[in-house]
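Colleague: Before I ask anything, let me first share the structure, which is written out below as structure tokens.
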Amino acid sequence: MQDYVLPHGNETEYGCESHCMRVCARIDLDVIVQNLKNMRDNVPEGTKVLAVIKTDGYGFGAVPIARRLEQEDFIWGYATATAEEAFELRDNGVKKPILVLGYTFPYAYDRMIEEGIRPAVFRYDMLDEIRNRVEHLRAQGRDVSMKIHIAVDTGMSRIGVTPDDDGIRFIKAANETNGIEIEGIFTHFARADEADLTNAHETKDLYKAFLARVHDELGLNIPIKHCANSASIIDMPESSMDMVRAGVSLYGMWPSEETSHNKVIIKPSMELVSHIVYIKDLPKGTPVSYGGTFVTDRTMRVATIPVGYGDGYPRSLSNKGFVIINGQKARILGRVCMDQFMVDVTDIVTAREGDKVTLIGRDGDMEITIEELGDMSGRFNYELACDLNKRIPRVYKGLV
Ligand SMILES: *Cc1c(COP(=O)(O)O)cnc(C)c1O
């Protein structure tokens, strides 16, 4: 535990150990760096790596991760979903380039221009707004321009210009807009995480053909062309282009069950731990938790864990999930409450109040991954990680 510390500014008067007794996510930044290096080693040498740390780093903590990755030369920069997430990184001393992957509303452009934060651009009115903001700043004597990445829609139907004549016209207009520098162009795969990669390869070919048109018809060589997410870094490394966008796998999670699990070594970087706050013996026939959905079928020893759906621990684990106590499985009894739930420790004779409880991670020979927890709760692994909320303190190993 000593290896894990609260991020700077989050320290409490109680000390880390006490603060983390109720529940705590322990994140190993060394594992995250190693996952990224393993992903880098799977793609052609010299490919830039963009670390996708949107949604507070998928719940793992964007600032501590970025501060650590500032020291890694092979990391080109970071991707966030919103301007505010990018500003938070800058407020915490993060200096590398940041790309905002979604649409950015114009109010944020001034600060983005000042701080080298790149928007994803795909609407004509964005070009006008950017030109206005740059000209406004230049009128104040500032020598600025805005670096942008053009988003191309090759099959997500989410954001981006179409890879056709309209798209070519848009890129021409962007290129001719005063104050804009087209640094990058990207698309996103809808189906790179499937066993059958036919669709992903077709998408990649469509995108490549469009890039060739941009080059041939506009005479434009956009420096950073990118399309790969974690799934394609692992299973389609030939699609890497100038840069790859590493997301879910940097945290040690898998894009899907169908993604190859043997090509790149990816290790879980988070443990979610709590401690038993109460143990009691219940006679046969005693209901447990709201609604009495579980009733003891014999004399049972039941432990209370001070975590609940108010922390983002899924209520759908009621009567389904399990935790690990002293290296043994303890199944959840009855409904998960907002702040507490009960587990069966009848057969874990060593269990005592104050003992460590592993909700995610490994204890002895037993392990619970975020994927398993997702399966048991009927949720997506990405979603489950993002939902672990602010009430859970995060502590880090390898913090800088
Ligand atoms: C979230 C996201 C990624 C990262 O995807 P993973 O599956 O987590 O690797 C990459 N690119 C875009 C545009 C995204 O929105």
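Colleague: Taking 29 Å as the cut-off for C-alpha to C-alpha distance, list the pairs among LYS263/LYS320; LYS329/LYS390; LYS48/LYS267; LYS95/LYS204; LYS329/LYS397 that go past it. Mind showing how you got there, number by number?
Modeller: Working: LYS263/LYS320 32 Å; LYS329/LYS390 27 Å; LYS48/LYS267 22 Å; LYS95/LYS204 31 Å; LYS329/LYS397 26 Å.
Exceeds cut-off: LYS263/LYS320; LYS95/LYS204.
Colleague: Something else now. Where does each of VAL288, VAL323 land when they are ranked from fewest to most other beta-carbon atoms within 10 angstrom? Please list the in-between numbers first.
Modeller: Values: VAL288 23, VAL323 28.
In order of increasing Cβ crowding within 10 Å: VAL288, VAL323.
Colleague: For segment 110-171 and segment 267-306, what is the centre-to-centre distance using only Cα atoms, to the nearest Å?
Modeller: Here the two parts' Cα centres lie 54 Å apart.
Colleague: Let me ask something additional. Residue by residue through segment 265-277, which ³J(HN,Hα) values in whole Hz follow from phi under the Karplus form 6.51 cos²θ - 1.76 cosθ + 1.60 (θ = phi - 60°), with glycine and proline marked x?
Modeller: 7, 10, 10, x, 10, 10, 10, 10, 10, 9, 9, 5, 9
Colleague: Also, quick follow-up: What chymotrypsin sites (Phe, Trp or Tyr not before Pro) in segment 1-72 are in a loop by DSSP, with at most 12 other Cβ atoms within 10 Å of the Cβ? Write down the numbers at each step before the final one.
Modeller: Working: sites: TYR4, TYR14, TYR58, PHE60; in loops: TYR4, TYR14, PHE60.
When the chymotrypsin sites (Phe, Trp or Tyr not before Pro) of segment 1-72 are filtered for loop state and at most 12 Cβ neighbours within 10 Å, TYR14 remain.
Colleague: Now, a different point. Once you order the gyration tensor axes a ≥ b ≥ c over the Cα atoms, which shape class does segment 42-251 get: rounded for a/c under 1.5, otherwise prolate or oblate by comparing a/b with b/c? Provide the component values of the computation, followed by the final result.
Modeller: Details: a/c = 1.87, a/b = 1.11, b/c = 1.68.
It is oblate, given that a/c is not under 1.5 and a/b is not larger than b/c.
Colleague: Under 16 Å Cα-Cα from LYS284, which aspartates and glutamates qualify once same-chain neighbours fewer than 8 residues away are excluded?
Modeller: Qualifying aspartates and glutamates at Cα under 16 Å: ASP297, ASP344, ASP347.
Colleague: Can you compute the FRET efficiency between ILE265 and THR286 using 1/(1 + (r/R0)^6), with r the Cβ-Cβ distance and R0 = 35 Å? Round to the nearest 0.05.
Modeller: 0.15
Colleague: Still on this structure, I have one more. GluC sites (Glu not before Pro), restricted to segment 209-296: which are DSSP loop and have at most 16 other Cβ atoms within 10 Å? Each step should come with its number before you reach the end.
Modeller: Numbers: sites: GLU217, GLU238, GLU257, GLU258, GLU271; in loops: GLU257, GLU258.
Here the GluC sites (Glu not before Pro) that fit, given the DSSP loop and packing criteria, are GLU257, GLU258.
Colleague: Which order do the peptides 6-13, 325-332 come out in when sorted by mean C-beta neighbours inside 10 angstrom, highest first? Write out the running numbers ahead of the final one.
Modeller: Values: 6-13: 12.5, 325-332: 19.1.
Averaged packing, sorted descending, gives the order 325-332, 6-13.
Colleague: Right, something else. Report ³J(HN,Hα) in whole Hz for each residue of segment 313-322, in order, from the Karplus equation J = 6.51 cos²θ - 1.76 cosθ + 1.60 where θ = phi - 60°; Gly and Pro get x.
Modeller: Running phi through 6.51 cos²θ - 1.76 cosθ + 1.60 with θ = phi - 60° gives 7, x, 5, 5, 7, 3, 6, 10, x, 8 Hz.
Colleague: Here is a follow-up. As a test of the formula, what do you get for the chain when each DSSP H run with n ≥ 4 contributes -39,500 (n - 2.57) and the sum is divided by the residue count, at 222 nm and rounded to the nearest 500 deg cm²/dmol?
Modeller: Details: 12 runs with 116 residues, N = 400.
After summing the helix terms and dividing by the residues of the chain, the value is -8500 deg cm²/dmol.
Colleague: Something else: Which trypsin sites (Lys or Arg not before Pro) in segment 347-383 sit in a loop by DSSP (not H, G, I, E or B) and have at most 15 other Cβ atoms within 10 Å of their own Cβ?
Modeller: Working: sites: ARG352, LYS356, ARG362, ARG379; in loops: ARG352, ARG379.
Here the sparse-neighbourhood loop sites are ARG352.
Colleague: If you don't mind, there's one more thing I want to ask. Say a paramagnetic label sat at a point 7 Å from the Cα of LYS356, along Cα to Cβ; which residues of segment 272-290 have their backbone N under 13 Å from it?
Modeller: 272-276
Colleague: Between segment 207-229 and segment 1-47, how far is it from one alpha carbon centroid to the other, in angstrom?
Modeller: 37
Colleague: Let me ask you something else. Using the Karplus curve 6.51 cos²θ - 1.76 cosθ + 1.60 with θ = phi - 60°, work out ³J(HN,Hα) for each residue of segment 376-389 in order, rounded to whole Hz, and write x for Gly and Pro.
Modeller: With the stated coefficients, segment 376-389 comes to 5, 9, x, 10, 7, 4, 4, 5, 4, 5, 5, 7, 5, 9 Hz.
Colleague: Amide H of LEU99 versus every other amide H placed in the peptide plane: which residues, excluding those fewer than 5 positions away on the same chain, fall under 5 Å?
Modeller: TYR78, ALA79, THR80, ARG118
Colleague: Give me the extension gain from ASN199 to SER157: residue separation times 0.36 nm, minus the current Cα-Cα distance, reported in nm with one decimal.
Modeller: Details: separation 42, 0.36 × 42 = 15.12 nm, distance 1.45 nm.
Stretched fully, the ASN199-SER157 segment lengthens by 13.7 nm.
Colleague: Also: Please report the relative contact order for the chain, taking Cα pairs under 8 Å with a sequence separation of at least 6, and give it as a percent rounded to a whole number. Write out the running numbers ahead of the final one.
Modeller: Numbers: 855 pairs, mean separation 78.6, N = 400.
About 20 percent, as a whole number.
Colleague: Enumerate the amide H contacts of THR293 below 5 Å, restricted to partners 5 or more residues apart or on another chain; note that Pro and chain-start residues carry no placed amide H.
Modeller: Placed amide hydrogens put VAL288, ARG335 under 5 Å from THR293.
Colleague: List every residue whose amide H lies under 5 Å from the amide H of PHE189, counting only residues 5 or more places away in sequence or on a different chain, with H placed 1.01 Å from N in the peptide plane.
Modeller: ASN229
A short reminder: the numbers here are calculations on the coordinates, not readings from a lab. Just so it is clear, the model here is predicted, and its values are computed rather than measured. Glycine gets a Cβ as well: all are built from the backbone with ideal geometry, and neighbour counts include every protein chain shown.
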